[in-house]
Amino acid sequence: MTTERLLAFKCALCGVLVLVGFMFCGCQRTPELVGGTPEEQAYDLLLQKGKWADIVEMNRKQPTKSSACRNAVRLASWYLGQCSREELDLCLADSHGVLGSETSALMMSDIYLRLGMVNMARRAAFDAMVAMRSEKPNSRALKRLTEVAIITGENELARKYLLIGEQHSDCLPWTKKLRPLVEHPELIVNYPSYKKIREIHEKLKDDFFL
Amino acid sequence: MKSSKTIFSFNLLLIVAFLSACSSSPQDAALVDALPVIYPDYVDVTIPVGIAPLNFAMDDDNATDIDVVVTGSQGGTLHSKGECTDFDIDQWHTLVEQNRGGQLDVTVCAQQDGQWKRYRDFCIHVAETDLPDWGITYRRIAPGYEMFGLMGIYERELSTFEETTLLDNHSNEGMCINCHTPNRANPNQHVLHIRGGNGATLLHTGGKDELLKAVNDMLGGAMVYPYWHPGGRYCAFSTNKTSQMFHTRKENVVEVYDTKSDVFVYDTETHQIIGDTFIMKTLWAENCPAFSPDGLWLYFVTARRQIYPTDYDKERYSLCRVSFDPTTGHIGQQVDTLINAAAEGKSISWPRPSYDGRYLMYTLADYGYFTIWHPESDLWLLDLQTGERRPLDTVNSSRADSFHNWSSDGGWFLFTSRRDDGRYSRIYLSSIGPDGQATKPFLLPQRDPRNFYTQSLYSYNTPDFTTRPVGNDAQAQIHALKSGDRIPTEMVKP
């Protein structure tokens, strides 16, 4: 086998492995993949799973050029104690151009929400939604809009998003989970992650993001 | 024989009793001493003759059915039953016409948990006047800040639920379509701006479309917020260097502000931009121009420029006017300040004089001009005869009430409001009576309004009335936009 053929075989094998991997991920109901570059998709999967060390390692091997991925790396570094919150905030502050694709917008929405910046998480979710250029809502973005409305106590809005989600089969898993919370907002005390984000949000100092 | 008849009657009685038990009817409804909470809230609103049916549903998810009887004070009735009312359009129009100047009494029964409840009747007032215009135009856009999503300009016939696309970007990625503006609701003259790769200012006048260069280098920007001169030759514009920023904490999620803005007049015959130092001051931000109905005055708002973004909330616009000579295109040499809102710690935007010249409606907010994102923004009315100004209390809500326009007869107006859910702007209509009081506004009717508005992820922008269908050729306009041919504009200063 010539070197070129060997290389082609290896590439094909890698492609099949990646495809099988993604199929396997799909069967396991792992986080969904939408739009964006392959690099963004790879970072997005790790971000959704909270694989901080893997994110930092991926960037060490091949420094990312994507702004959203750089923010994911900075978040991961912060979680690993490798950078301060100030450094992280400084990196996040210039949001211009970060939301260039559905995936990058969804990634940024996740990053903002983890930090309690619910307004920014909502903004990024809106951009993920419009980036699809489809009348069908993006399930992950719609879920995020619902979550943010629940956290901020905008119950009419949460109900609206929930009702829209209930019209789409791919949204049903999360609508079932969130419906009790929309019907009884006081139940947020039973949802530690949302409760914690609400507490962070309420204590947050108002800052500008350009 | 007698016994079989008895058995049959008894069985019939049983069946009737069984059916009655299974589904109680509105006739058996328990009385509730309260008005029904319905969506949209059409209780006590005033409508013009000719408006589409005001369908509604209970605003309570537990209500499974609604039974509604509408009785005219001057005769006629309508009945509708279902999850939502679905009045026959022709029968509705007949009933409303029959009750011109009177009222419609609405009896609502709703079924909850298998039981019918009857609420206190409410009324819908019918104005003496007809629907002033054929329809309305608006932009529908999903909230998005960095990318252009699906959006379009649409027209909607007000006597039906018919909506038609005028121009959308569904086949033109990256195109942002802004502000369709007719001349006093007359679509023979209209203008809209397109941003993105195929950007242009599309001006329809004299029966043809003209595509102007999106940006004039001497002006240093685009032609942004337009307002036609009633004579049709001129169109005033603002040019704005707009930025946005986002709050991490405040309820006002986004701030839209201009680092620079000016007002100028465009001459459609010469393709010249008429600028003047009086409305293009370096240290001031002029914005939101509007001509008076007689065409002799140009209203605009102006604010002292601030340090951005830190002092964004100190940017407060006052209402001014300057004379305009339509025979020469000259702008006057003295600016009158009509309302010094900045001195009162407030900010005025979107001055819109009624076409009879009596009133000027504007939006008042705490700062800035992009008031559709300001929950505190309200509509105010300035009486141009007396100078008296007051908020439109019957119209305003606790959420953003903003961009408004008058009907061609000046009796009605429409505006956008986020009162429904705080995020998505909807169109409301109201009227000003002879006493200057506004009637309670009603939400733009839809066949099934609750589902329609709940399922919609779009906001309504920059609505205006249109006296007839716009009748544009969207395909030709898209083709022309893609061609790249643009008419350059020339800047002239006196």
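All of the numbers you see were taken from the coordinates with simple rules; none came from a lab. Please read these numbers as outputs of a predicted model, since none were measured by experiment. Glycine also receives a Cβ, built like all others from the backbone with ideal geometry; neighbour counts cover every protein chain displayed.
Things worth noting here:
- Kirkwood-based Rg to Rh ratio, chain B, C-alpha trace: 1.06
- Relative protection proxy for B:470-480, B:355-365, from highest mean packing down: B:355-365, B:470-480 (other beta-carbon atoms within 10 angstrom).
- Once the GluC sites (Glu not before Pro) in DSSP loops with at most 15 neighbouring Cβ atoms within 10 Å are cut out of chain B, the longest remaining piece is B:270-387.
- The stretch B:102-186 - percent relative contact order, Cα under 8 Å, separation 6 or more: 20
- Between the stretch B:263-327 and the stretch B:150-166, the Cα center-to-center distance that results, in Å: 31
- Sequentially through the stretch A:122-137, phi angles give Karplus couplings (6.51, -1.76, 1.60; θ = phi - 60°) of 5, 4, 5, 5, 4, 5, 4, 5, 6, 5, 5, 6, 9, 6, 7, x Hz, Gly and Pro residues having no value and appearing as x.
- Inter-chain Cβ neighbour average for residues B:146-157, partner chain, 10 Å: 4
- Full extension of the segment from B:Met218 to B:Thr77, taken as 0.36 nm per residue of separation minus the current Cα-Cα distance, would add 44.4 nm.
- Separation of the stretch B:415-492 from the stretch B:50-109 is 26 Å, based on Cα centroids.
- Across the stretch A:133-173, the relative contact order, built from alpha-carbon pairs under 8 Å that are at least six residues apart, equals 38 percent.
- The share of alpha-carbon pairs in the stretch B:423-494 lying farther apart than 21 Å comes to 61%.
- Net length gained if the chain between A:Val189 and A:Leu210 were fully extended (0.36 nm per residue, minus Cα distance): 4.2 nm
- Alpha-carbon centroid distance for the pair the stretch B:211-261 / the stretch A:133-210, whole angstrom: 34
- Prolate/oblate/rounded call for the protein assembly as shown, Cα gyration tensor, a/c under 1.5 rounded: oblate
- Globularity ratio of the stretch B:180-249, using Cα Rg and 2.2 N^0.38 Å: 1.27
- Per-selection metrics, the stretch B:26-130 (Cα): Rg and Dmax in Å: 13.3, 42
- For the stretch A:44-108, convex hull of alpha carbons as volume per residue, Å³: 74
- Here the translational diffusion coefficient of the stretch B:211-256 follows from Stokes-Einstein with Rh set to the Kirkwood radius across Cα pairs; for 37 °C and 0.692 mPa s it amounts to 249 µm²/s.
- 25 °C / 0.890 mPa s Stokes-Einstein diffusion coefficient of the stretch B:282-375, Kirkwood radius on C-alpha pairs, µm²/s: 178
- Each Cα pair under 8 Å and six or more residues apart adds its separation to the average, and for chain B the resulting relative contact order is 14 percent.
- Here each label is just a point 7 Å from Cα along the line to Cβ, and for B:Thr337 and B:Asp88 those points are 6.2 nm apart.
- For the stretch A:137-204, the calculated P(r) over all alpha carbon pairs, in 5 Å bins from 0 to the bin holding the longest distance, is 3, 19, 32, 24, 14, 6, 1, 0 percent.
- Full extension of the segment from B:Gln437 to B:Glu163, taken as 0.36 nm per residue of separation minus the current Cα-Cα distance, would add 95.6 nm.
- Nearby lysines by direct alpha-carbon distance to B:Lys208 (threshold 25 angstrom, same-chain neighbours under 8 apart not counted): B:Lys482
- Mean partner shielding of peptide A:160-167, defined as the number of other chain Cβ atoms within 10 Å of each residue Cβ, is 3.
- For the peptide A:125-131, the mean number of other protein chain Cβ atoms found within 10 angstrom of a residue's Cβ is 6.
- The GluC sites (Glu not before Pro) of the stretch A:121-157 that DSSP puts in a loop, and whose beta carbon has at most 13 other beta carbons within 10 Å, are A:Glu135.
- Partner lysines for B:Lys117 [C-alpha distance under 29 Å; skip if fewer than 8 residues away on the same chain]: A:Lys160, B:Lys81, B:Lys440
- Rounded to whole Hz, the Karplus (6.51, -1.76, 1.60) HN-Hα couplings of the stretch B:317-331, x for glycine and proline: 9, 10, 8, 10, 8, 9, 6, 9, 9, x, 6, 10, x, 8, 9
- Structure-based [θ]222 nm, the protein assembly as shown - -39500 (n - 2.57) summed over DSSP H runs of at least 4, per residue, nearest 500: -8500 deg cm²/dmol
- DSSP H segments from chain B that extend 20 Å or more along their own axis, Cα-based, with Kyte-Doolittle mean of 1.0 or above: B:2-22
- For the protein assembly as shown, the share of DSSP beta bridges that are antiparallel, to the nearest 5, is 95%.
- Karplus (6.51, -1.76, 1.60) ³J(HN,Hα), θ = phi - 60°, over the stretch B:119-125, in Hz, Gly and Pro reported as x: 9, 5, 5, 10, 10, 10, 7
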